[in-house]
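Below is one structure, written out as structure tokens; comments come after it.
The values are calculated or read from the model by the stated rules, or taken from the named source; none is laboratory data. Being a predicted model, the structure only gives us computed values, none of them experimental. Counting neighbours? That spans all protein chains shown, and the Cβs are built from the backbone with ideal geometry, glycine included.
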Amino acid sequence: MLLTVKGVTHRHPGGTRDVLRDVSFEVARGESVALTGESGSGKSTLLHMLAALDHPLRGCIEFGGQDITALSDKAASQLRRSHIALVFQQFNLVPALSVADNIALHAKLGQRFDASWTEEVTARLGLSELVGRYPEQISGGQQQRVAIARALALRPDLLLADEPTGNLDETASAEVLRLMLDLVQDTGCALFLVTHSAAIAARCASHLHLSGGQVRVQST
Ligand SMILES: Nc1ncnc2c1ncn2[C@@H]1O[C@H](COP(=O)(O)OP(=O)(O)OP(=O)(O)O)[C@@H](O)[C@H]1O
Ligand SMILES: [Mg+2]
């Protein structure tokens, strides 16, 4: 199993309730999983745990058989530069870097940069004309596509995406989803995608729903 989540419980510092309560599920290589749930239900919180950006209060998260809940910050950031890519809900682009340098950033830091693959991803996301610009010089939807390109450029084993189509129109959303599912198909990576769209959830192989701090399998 690529990812195993066992009994994860979490409460934010200063919080009054457990946002996640004894959450368990598994994600296999080559699987695409959609996560839905109301605003504030804990989707981003869970995604950050899967990317080893936050530690659960209790429980265990194994990636490729390794417990990632106890990694040092350095080991966790190495993992995010090599095997786990995350598209943040707020994009997290680097303002001082051009679009091209933002796209290549994590792949280069992780020594996984492949120029022709990066060019293909950039073109397929419709960003080729924008590579010389800076994040503040492009629209919100374009920034979102840059964040997606940066994640795809890494060719990760696990691609985590937090509402990656939230700012995109229908055509761009369909293209982004197709690119992600192609990556799953072509490289055998796993996709874990937060979405509010029932149509997008239906195109993933499995669908989890987060409610009351607990994750349930949703039939699609
Ligand atoms: N750093 C934090 N400190 C305290 N509480 C937090 C923190 N981050 C999130 N929360 C709270 O935890 C709960 C879950 O937040 P989270 O961001 O995971 O929700 P979400 O499902 O991603 O929502 P949305 O669909 O709006 O993005 C919310 O009640 C939120 O207010
Ligand atoms: Mg969120």
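The single condition among (1) within 17 Å of the chain's Cα centre (by Cα); (2) closer than 10 Å to Ile103 by Cα; (3) more than 16 Å from ligand 1 (Cβ to nearest atom) that Val131 does not meet is (1). Looking at the stretch 20-85, the strands (runs of 3 or more DSSP E) lying wholly inside it that each contain 2 or more residues that are more than 16 Å from ligand 2 (Cβ to nearest atom), in contact (Cβ under 8 Å) with a residue 40 or more places away in the chain and surrounded by fewer than 15 Cβ atoms within 10 Å (Cβ to Cβ) sit at 20-27.
Residue by residue, here is whether (1) over 18 Å from Ser82 (Cβ atoms); (2) out of contact with any Pro (no Cβ under 6 Å at 6 or more places or on another chain) holds:
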site: Gly110; (1), (2): no, yes
site: Gln137; (1), (2): yes, yes
site: Gln143; (1), (2): yes, no
site: Val146; (1), (2): yes, yes
site: Pro156; (1), (2): no, yes
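Set side by side, the residues Ala174, Ala147, Ala202, Ala198 differ, and just one is surrounded by fewer than 16 Cβ atoms within 10 Å (Cβ to Cβ) and within 16 Å of ligand 1 (Cβ to nearest atom), which is Ala198.
So which residues in the stretch 177-195 are touching a strand residue (DSSP E or B) at 6+ places or on another chain (Cβ under 7 Å) and either more than 25 Å from Gly65 (Cβ to Cβ) or within 16 Å of ligand 1 (Cβ to nearest atom) (or both)?
Leu181, Phe192, Leu193, Val194, Thr195
Any residue at all in the stretch 78-90 that is at pLDDT below 95 and over 30 Å from Glu129 (Cα atoms)? Yes - at least one qualifying residue is present in the stretch 78-90. Of all residues in the stretch 182-216, those satisfying the criterion of being in contact (Cβ under 8 Å) with a residue 40 or more places away in the chain and in contact with a His (Cβ under 8 Å, 6 or more places away or on another chain) are Ala201, Val215. Among the conditions (1) in contact with a helix residue (DSSP H, G or I) (Cβ under 6 Å, 6 or more places away or on another chain); (2) at pLDDT below 95, Thr36 misses just one, which is (2).
Pairs are defined by a Cβ separation below 7 Å, a sequence spacing of at least 6 or placement on different chains, a first member in the stretch 118-132 that is exposed (fewer than 14 other Cβ atoms within 10 Å of the Cβ), and a second member that is in a loop (DSSP other than H, G, I, E, B); the pairs so defined are Gly132/Ser98.
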